[in-house]
Amino acid sequence: MESDAIGAAATHSDFSLFSLIMAADPVVKLVLLFLLLASVWSWMVIGEKLFSLGSLRKKSRQFEEAFWSGRTEDFDMRPGQASNDAASRVFAAAAREWSDARRGAATPAEAAAMVSRAERSMRAAVDREVGRAGNGLGVLATIGSASPFIGLFGTVWGIMNAFLNIAEKQDTSLGTVAGPIAEALFATGLGLVAAIPAVIFYNKFTGDLTKLGDQLDTFSQDVLVRLSRRASESARD
């Protein structure tokens, strides 16, 4: 008898994904809609960061190569003028001191002060560039941490509805609990679908930001060494 009831329920009920969502409890529908929007939002952030971080590191390397090959020696860069890449903006933060060092510092004390100002400017510029490049990662962190719990809430709600159906109909057949249980499992799955890519790419982008920060720090330190040498030589002359 039980097997006949299950077969009849499966025959006369439509368990397609669309019909399942349309027949879901309003609370479960709200949970599913939120998780779907969260997943779309996270993929938009992921796509933007894949392009922007890769382009940022590539342009920074190109500027460094141009700088160390001497092709930027005649550039008169000031903050606000260099906007193509992170490395040029970092260099622009200390460009005035660089130009002063080329013209010559009057005393060793002035040379030391010049290098100190350049160091502070470049350190602040590196922090700004890393912070700018990291905009949006908080979204991935929030989606990655919150989505499983939101999906779990939908799961609990669906299971609760399944027990309420059993109590109302006094029937434990599959037809009574299949819908709410399916809604519950779908909420769990969608929560994981939203969370897993967000967590994976958040960790990837965090590593990329660390590499970018290290790259800019190394470049700024190399510039400061060269600036210090040039300022000291000019002061001695």
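The values are calculated or read from the model by the stated rules, or taken from the named source; none is laboratory data. These numbers were taken from a predicted model, which means no experiment stands behind them. Note: ideal-geometry Cβ built from the backbone for every residue, glycine included; neighbour counts use all protein chains shown. Protein only, heavy atoms only, side chains kept; ligands, DNA and RNA dropped before computing areas. Shrake-Rupley method; radii C 1.70, N 1.55, O 1.52, S 1.80 Å.
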- Query: Does at least one position in region 13-24 carry a residue that is part of a helix (DSSP H, G or I), modelled with pLDDT of 80 or more and open to solvent by 80 Å² or more (accessible area, probe 1.4 Å)?
  - Reply: no
- The one condition residue 128 fails out of (1) surrounded by fewer than 21 Cβ atoms within 10 Å (Cβ to Cβ); (2) at pLDDT below 75 is (2)
- Out of (1) at pLDDT 90 or above; (2) more than 29 Å from the chain's Cα centre (by Cα), the odd one out for residue 166 is which? (1)
- Top-ranked residue in region 45-86 [being of a type in the set (Phe, Trp, Tyr) and loosely packed, with under 14 Cβ neighbours inside 10 Å; ranked as modelled with the lowest pLDDT]: 68
- Note on the structure: So, first residue charged (D, E, K, R) in region 43-70, second residue open to solvent by 90 Å² or more (accessible area, probe 1.4 Å), Cβ within less than 7 Å, six or more apart or across chains; the pairs are 59/84
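Modelled with pLDDT under 85, open to solvent by 30 Å² or more (accessible area, probe 1.4 Å) and of a type in the set (Ser, Thr, Tyr): which single residue out of 176, 142, 172 fits that description?
Details: 176 fails: open to solvent by 30 Å² or more (accessible area, probe 1.4 Å); 142 fails: modelled with pLDDT under 85.
Answer to the check: 172.
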- Give me a count of the residues in region 128-174 that are part of a helix (DSSP H, G or I) and closer than 20 Å to residue 201 by Cβ. 19
